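To keep things clear, I will list the structure first and then write my remarks on it.
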Amino acid sequence: MVRAFFCGQELPRYITHTNLTLIPKKESIGTFGDLRPISLSTFVNKIISKVVQEMMVIVLPEIISTNQTGFVRGRSITENILLAQEIIRDIHIRDKLHNVVVKLDMTKAYDKVSWKYLLKVLRCFGFSERIIDRVLRLISNNWYSVLVNGQSFGFFQSSRGLKQGDPLSPTLFIIAAEVLSRSLNKLFEDQEFRGYGMPKWSPKINHLSYADDTILFCSGQPKSMRKMMKILKRYELVSGQLINLDKSLVYLHEKIPIGVSYQIRKIIGIRMGSFPYTYLGCPMFYGRKNKSHFEGLVQKMAKRIHSWHNRFLSFGGRQVLISHVLQSIPIYVLSAMNPPKGVINQLHKLFAKFFWGNSIGSKNKHWVSWENMCYPKSEGGIGFR
């Protein structure tokens, strides 16, 4: 069957049929916009998508700009986080033009990609017609059903978009988004454009992207902001994607005058946000870091412990939960950022209280200090990190 596809034959509908499961984005669901559709493709369909993806992924480091770090071999998500944090720390450098940070959120980014636009971009990048034909047959010959309470309903064909959960979709999406990245980088060729104020030795950067998570850096000069917004509008027009104005935010330094901030908000058309904010799961801030910047991480751990405190768990069960669940949650944030020592101590207190207590509010005696419990088992500890 795989060989037949690569010889040009169409796949039957029972192979291309996909079930859509709706995953909630937040706790309270009000509309369908609060749900994320994940595609559950058939095994054969995923094999073919993976083979085509492996053919295309080889050339991605050569054609994708360094501003994009998602789904490109040799690039890491932590690079974006560290670079964004360093740029935001210099937000106070410029006094007259002011520095502006814009966090963009695309409305259903994967679901709104235009197929006509995607195929044209693939041809412009020099992909062969054989590859383009395989991509077209994979993305266009899709029939969907929606899973409701475990049962599938409906049988309809798609007319645009990429399947979330398909191996090929991230590769196609970053190729489509490369048009926006190159258009933004081309602004530096315009002598009238004034970018984000950074040290003289630093490279020129006006945006960072990880798939559909994009953050823009620009100056508060009205002409420069209008040029950047013009590029975004053109990208919306040709690609089929739309900027979610409700979730996109503009961030400025706290000492910027109210009149200037109002003018910036009027030009960009996006509401104001305040520091610190979350980018790719990590807090972004300027100035000295403190415990309040990592309050979300502590609350996430406390919430997870709260869901367990009514269960009858032995000491062995608590040890397994701490070692393999709780201690794995902050690894991502700690790999990219170095929080204050007080945050680490607060996490250790939560772990110790959960291990020795029967519930969150209990004050049971801690028979062994947490430092001694972190020793390896061969040295008399439990092996906590």
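Structure summary
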{"item": "Residue list for the stretch 220-253, filter: over 30 Å from Lys26 (Cα atoms) and either part of a strand (DSSP E or B) or not hydroxyl-bearing (Ser, Thr, Tyr) (or both)", "result": "Gly220, Gln221, Pro222, Lys223, Met225, Arg226, Lys227, Met228, Lys230, Ile231, Arg234, Val238"}
{"item": "Where Arg288 falls short, out of the listed (1) open to solvent by less than 70 Å² (accessible area, probe 1.4 Å); (2) free of Cβ contacts under 8 Å to residues at least 12 places away in the same chain; (3) farther than 23 Å from Ile77 by Cα", "result": "(1)"}
{"item": "Tally of residues being part of a loop (DSSP other than H, G, I, E, B) and without any contact (Cβ under 8 Å) to a residue 40 or more places away in the chain across the stretch 129-158", "result": "3"}
{"item": "Top-ranked residue in the stretch 99-118 [being β-branched (Val, Ile, Thr) and either modelled with pLDDT under 85 or not in a strand (DSSP E or B) (or both); ranked as surrounded by the most Cβ atoms within 10 Å (Cβ to Cβ)]", "result": "Val113"}
{"item": "Any pair with Cβ under 6 angstrom, 6 or more apart, that starts in the stretch 47-63 at a residue that is within 11 Å of Arg134 (Cβ to Cβ) and ends at one that is open to solvent by less than 60 Å² (accessible area, probe 1.4 Å) and polar (S, T, N, Q)", "result": "Gln53/Thr171; Met56/Thr171"}
{"item": "All helices (runs of 4 or more DSSP H) inside the stretch 291-342 with 2 or more residues being open to solvent by less than 70 Å² (accessible area, probe 1.4 Å) and farther than 19 Å from Pro276 by Cα", "result": "295-306, 315-324"}
{"item": "When residues of the stretch 374-385 are limited to those that are in contact (Cβ under 8 Å) with a residue 12 or more places away in the chain and under 15 Å from Leu347 (Cα atoms), the one surrounded by the fewest Cβ atoms within 10 Å (Cβ to Cβ)", "result": "Arg385"}
{"item": "Qualifying residue in the stretch 208-229 (condition: free of Cβ contacts under 8 Å to residues at least 24 places away in the same chain and farther than 19 Å from Asp90 by Cα)", "result": "no"}
{"item": "The one condition in (1) modelled with pLDDT under 95; (2) farther than 17 Å from Ile38 by Cα; (3) surrounded by 15 or more Cβ atoms within 10 Å (Cβ to Cβ) that Leu162 fails to fulfil", "result": "(2)"}
{"item": "Test for Gly287: is it out of contact with any Leu (no Cβ under 8 Å at 6 or more places or on another chain) and either within 27 Å of Ala177 (Cβ to Cβ) or among the hydrophobic types (A, V, I, L, M, F, W, C) (or both)", "result": "no"}
{"item": "Selected residue (only one of Gln85, Gln68 is in contact (Cβ under 8 Å) with a residue 24 or more places away in the chain, within 24 Å of Arg182 (Cβ to Cβ) and of a type outside the set (A, V, I, L, M, F, W, C))", "result": "Gln68"}
{"item": "Test result for Pro276, within 22 Å of the chain's Cα centre (by Cα), surrounded by 11 or more Cβ atoms within 10 Å (Cβ to Cβ) and not acidic (Asp, Glu)", "result": "yes"}
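Listed here are the residues, each with its yes/no results for (1) surrounded by fewer than 16 Cβ atoms within 10 Å (Cβ to Cβ); (2) among the polar types (S, T, N, Q).
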position	(1), (2)
Pro222	yes, no
Met225	no, no
Lys233	yes, no
Ile243	no, no
Leu249	no, no
Leu252	no, no
Pro257	yes, no
Ser261	no, yes
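Results for (1) buried (at least 17 other Cβ atoms within 10 Å of the Cβ); (2) within 28 Å of Ile38 (Cα to Cα); (3) in contact with a strand residue (DSSP E or B) (Cβ under 7 Å, 6 or more places away or on another chain), shown as yes or no for each residue.
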site	(1), (2), (3)
Arg134	yes, yes, no
Asn149	no, yes, no
Ser152	no, yes, yes
Gln157	no, yes, yes
Ser183	no, no, no
Phe188	no, no, no
Glu192	no, no, no
Gly197	yes, no, yes
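The values are calculated or read from the model by the stated rules, or taken from the named source; none is laboratory data. Because the structure is predicted, anything quoted here is derived from the model rather than measured. So basically every Cβ, Gly included, is an ideal-geometry build from the backbone, and we count neighbours across all protein chains shown. To get the accessible areas, we keep the full protein, side chains included, count just its heavy atoms, and leave off ligands, DNA and RNA. Shrake-Rupley method; radii C 1.70, N 1.55, O 1.52, S 1.80 Å.
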